[in-house]
Each structure stands twice: as C-alpha cells, then as structure tokens.
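To start, the structure under review is shown below, and the notes come after it.
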Amino acid sequence: MQLRTRAGLVALTVAIASAGWGSARAVEMEAAQRITVFTEASNSRSGICADKGNCNLTVLHPQTDISATFGSGLSIAGGYALDVVSGATPKVFSVDAVSTATRFSDTRHQFKGALTYTRPTADVTAGYSYGWESDYKSSALSVNTRSDILDHQITLGFAYTHNFDDVCDQDNQAAAGNPLNRLALASSQNCFKIVDGPIGQRTVTHRLNIDSLEPSVTWAATPRLLLQGGATAQILDGFQANPYRQVELGSAARAPQESLPTLRQRYALFGRAAYAFPRTRTALQTMVRVYRDTWAVEAVTGEVLLNQYLAKFLLLSVRGRVHAQRGATFYRDAHGYRFLGPNSQYWTGDRELTPMENLLFGGKFSYLRIPETGTTSFFREIEAAVKWEGLFYHLDSTVAPNADRKLAMIFQLAIALRF
C-alpha cells in the first residue's frame, strides 16, 4: 500500500496569465492536467474476492503541473499529484491466497517543485518533492544537468536523486532473533504515532534511503537520427518489505510477515534511437534496457513507439513493450514455500520479484493546436490527448503472487496549455 503518485489548477493558471502577471510577454507559462485510471482485474470467480468486487485493484491518479519560464533563462515549476487506491489483495501469500483477500483503500498526496536555469548550451535543475500516505512518507531531492558539446551534436546528461523515506511497520521487537514469529501490520491506524498499549497495537517507523543516478549521452547522428545511451544505478538501504504481507511457510501453515534484505543495489544499461520520416510525417523510437540487481533479479526490456500525424493537428502514437525477468534468489512460489519452506532467511509474496514476462500495448490520440500567425489568442499552444494501454502478465506458476491477475488497463485524459 506504499504507492507512487494531482487535482485541477489549470483554470486558475489561465486566469493569472490572462491578467498579465506583470510584464506578461516576458513570461512563458504552461499548465498541464492529467487524469489516469489504472485497473487490474482478477479472474477469480470464487471465495471472498467474488463477494467483494472480484479482487479488482483500481488507482485514480489526477495530476497537475504548472511552470513559468522567464526571459532570463530561469524557470519555476510546481505540481500536485493524488493517488486514490482501492481494491482487494491477499493478506497471506499461500496456495489458496485468493481466499484470504481483504479489502483496502488508501490515498497518497504529493507536492513537488523545481527551479531550472537554462543557457544556450547547458541547463541545471534542482527539485524537491514530498509525498505522504497513511503508512509511508517520502522526501526527495534531485539535481539534473545537461551540456551540449561539439556544436550541439552531443549532449551529456546527469541526474541524481536522494530519497528520505519513512515506512510504518508492526512493532516486532518481541520477535527479535526469530523472524518466523514476526507479525504483519494489521492496519495503518497507529502509524507515525506513539502508542502505549498492547504489543499488537504498537508500530515502529523504519528509514529507507534511496540514491539514484543516471548518466547519459545523446548524439545527433544525422538531421533525422538521434541516438542515446546511458546507465542507471540505484542503492536502497532500509526496510523494503510490505509490512502487511504474510507468507505461508511449511506444512504447519505458519505465516510470518514478509522478510526481505535491507540492502539492494540495482543497475541497468539502456539505449534509445529515434528516426524521423519527414515525407510521411512519421517518427519511430526504439529502446532496449538490460537490468540486474543484488537480489539476482535479471531483466531485459524492449520498446517501440511510433508517432504518425493523421492530419495537421492530429497525432497518433502507438506503443509496444516486452519485458522478461528472472526471480529473486530467495523467491519460491506458494507450493515451494509450503512443501519446501524458505531457502534462506528471506521470503516474499511480491510479484515484482518473480520470474515473469509482461507485454504492454496501446495507443494515444493527441490534438495539437497552434494559433495561426497574426491571430490573437490567449494561448501559444494547446494539446489534448486520450490514451489507452493494456498490460498483459504471464507468470511461471499458477500459485505465483497475484497469478489470478493477468491483465491491467490504463486510461488517461490529458490537456496542456502553453501561453
């Protein structure tokens, strides 16, 4: 229930811009509003899930971004995001996990801001974001820089982010030295509070520090061909388990809280290419990414994006992505945990740590409008878009985490104004 995540300020921004904001023409402003719906349905037709919404998971994500660019090269940006999550999820990862599904709901808020200084051949951006929900708090500082060299043919980029996150967990001091006795967090009611009561009602707060960096090189190989290569590295240090999740271990059906290592190092290499076909007003983009981490998860991802103008103001985008990965070294499916037990001091019911493949396919229609030269308009450019994507999962076992959820769908409406 620790989520990643906005609500409508576009009208206010338009009003401010129309009023002038001092010397209005010296300021370029942009406001963007997006509403995204993510839904993941269960194919289970029996048990508690069928009685309580068929275990569907739904995320409503409104997002607002506003930015202003001044003639001096200084830009200020801000945004607000909201995640409203509801559904049902198995409390215990076991052979009959669907029968233990419980309903939940949560809301996450996030504010962010950034300051950018731009020169003809370089720019630097510093940003901060703060997000919170009932059981998770996150503060992040980021720095991004870009430099053009060799007459703009090559662009060097670097990005760094540090997260200071706080995670709520059940107080398991009584189980110190015996992880099989660890209890899962029952609810977030007492999170981030000092509660002097029964052990089952006490919570603790864990710190999770995350360092992420990404160097990249972009080369304008020809007027039509753009190539990019880079790497990402991330170090996570702290509590990374789902505090609510239990995993059934052994034939005695003991179900302790999920147990994960507190240190994870993640590395990836990626390459991108973009090619334009001016005669047909088409652009093709491709991406390949290889990944490995210290939990032995290995993955490869390939993506293709095609942009095609259907008319002067209408753009069609079609995207396809294929992803395949190996599971973490300590992962077993539900049968393995029940009949063989854990293969180390760690165990998990997280689908993201399993051997699996997924396929994403979808498209987006965008309406782009720029006022004709010589006409009067309060905006310089307007963009409206509607998007649909389907995400298809294939797991290696019928008793893998969330094996009953084979399809997710993503819907998005977006509008952006630049003036």
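The values are calculated or read from the model by the stated rules, or taken from the named source; none is laboratory data. None of these values were measured; they are calculated from a predicted model. Positions of Cβ are generated from backbone atoms using ideal geometry, with glycine treated the same way; all protein chains shown enter the neighbour counts.
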Hey, among Ala184, Ala253, which residue is within 23 Å of Leu353 (Cβ to Cβ), of a type outside the set (Lys, Arg), over 20 Å from the mean Cα position of the chain (by Cα) and surrounded by 14 or more Cβ atoms within 10 Å (Cβ to Cβ)? Ala184
If Ala296 passes every condition in (1) exposed (fewer than 14 other Cβ atoms within 10 Å of the Cβ); (2) among the aliphatic types (A, V, I, L, M); (3) more than 28 Å from Ser397 (Cα to Cα) but one, which one does it miss? (3)
Can you name the number of the only condition in (1) under 21 Å from Ala273 (Cα atoms); (2) out of contact with any Pro (no Cβ under 9 Å at 6 or more places or on another chain); (3) of a type in the set (Gly, Ala, Ser) that Gly238 fails? (1)
Complete set of residues in the stretch 298-330 that are in a loop (DSSP other than H, G, I, E, B) and of a type in the set (Phe, Trp, Tyr): Phe313, Phe330
Being basic (Lys, Arg) and assigned to a strand (DSSP E or B) is the requirement here; does Arg272 meet it? yes
Checking Ser44 against (1) crowded, with 19+ Cβ neighbours inside 10 Å; (2) at pLDDT 95 or above; (3) farther than 25 Å from Ile382 by Cα: exactly one of these is not met. Which one? (2)
Look through Leu417, Leu395 and report the one residue that is surrounded by 18 or more Cβ atoms within 10 Å (Cβ to Cβ), in contact with a helix residue (DSSP H, G or I) (Cβ under 8 Å, 6 or more places away or on another chain) and closer than 30 Å to Ala97 by Cα. Leu395
Within the stretch 95-137, work out how many residues are at pLDDT below 90, not aliphatic (A, V, I, L, M) and not in a strand (DSSP E or B). 4
Can you tell me which residue within the stretch 88-109, out of those that are of a type outside the set (Val, Ile, Thr) and in contact with an Asp or Glu (Cβ under 8 Å, 6 or more places away or on another chain), is surrounded by the most Cβ atoms within 10 Å (Cβ to Cβ)? Phe93
Quick test for you: out of Ile210, Ile235, pick the one residue that is surrounded by fewer than 17 Cβ atoms within 10 Å (Cβ to Cβ) and either in contact with an Asp or Glu (Cβ under 8 Å, 6 or more places away or on another chain) or among the acidic types (Asp, Glu) (or both). Ile235
Would you confirm, using the coordinates I've provided, whether Met409 is at pLDDT 95 or above, under 30 Å from Thr262 (Cα atoms) and either touching a helix residue (DSSP H, G or I) at 6+ places or on another chain (Cβ under 8 Å) or not acidic (Asp, Glu) (or both)? no
So which of Leu284, Leu315 ends up being under 30 Å from Glu381 (Cα atoms), surrounded by fewer than 17 Cβ atoms within 10 Å (Cβ to Cβ) and over 19 Å from the mean Cα position of the chain (by Cα)? Leu284
Residue list for the stretch 58-87, restricted to those being farther than 23 Å from Phe411 by Cβ, among the small types (Gly, Ala, Ser) and surrounded by fewer than 18 Cβ atoms within 10 Å (Cβ to Cβ): Gly71, Ser72, Gly73, Ala77, Gly78
Quick one: how many residues across the stretch 160-215 are in contact with a helix residue (DSSP H, G or I) (Cβ under 9 Å, 6 or more places away or on another chain) and under 29 Å from Gln265 (Cα atoms)? 9
